[in-house]
1. Grab the Cα-Cα distance for Leu69 and Ala103, subtract it from 0.36 nm times how many residues apart they are, and report the gain in nm with one decimal.
2. Going by how many other Cβ atoms sit within 10 Å of their own, how do Leu95, Leu89 line up, fewest first?
3. Charges at C-beta only: +1 for Lys and Arg, -1 for Asp and Glu. How large is the resulting dipole of the range 50-133 about its Cα centre, in Debye rounded to 20?
Amino acid sequence: MRSCINAADISFSIPLATNAARGKASAARARMTGIDLRIRQFINQTRAELEIAMVNVEATREMKDIAELELDAARQLAEAEARRFETGLSDFFQLNLREQAVAQAELKRWQADFDHQVALANYYGVSMNLESLGIETGMPQ
């Protein structure tokens, strides 16, 4: 019976400063990756908010146009009803209803205009268009 014992001792020596530098570099890369991900998230979120703001501006513009058309139609109907009233073909109740419809259409137009202005302000805020918001930054252009 033969017994063979082989023993080998291998040791590696890496200076502690090299390990510390690698650790710092790895930590810096991780921080940079984290910052990059936060920037991408901010850009994507801002892009989505900007698209929503643009859709709102367009929708409120369309609502404003519709409210204008509705107001014009209500005014025409009220004028026609006033002519009918003058000729005796209508009564005061019908004339009053038409005038109320004009008043309601005017309120809708004002509300649509207000909503459009709010949507524009939101768009300018999201797009950081400070000049359109009337905000002076004090920074050189």
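FYI, it's all coordinate maths here, none of it is from the lab. Since the structure is predicted, the reported quantities are computational estimates derived from the model, not experimental observations. Neighbour counts run over all protein chains shown; Cβ positions are idealised from the backbone, glycine included.
1. On the way: separation 34, 0.36 × 34 = 12.24 nm, distance 1.38 nm.
Extending this stretch completely gives an extra 10.9 nm.
2. Details: Leu95 16, Leu89 10.
Fewest-to-most Cβ neighbours within 10 Å comes out as Leu89, Leu95.
3. Working: 8 positive and 16 negative charges, 32 e Å.
Computed charge dipole of the range 50-133: roughly 160 debye.
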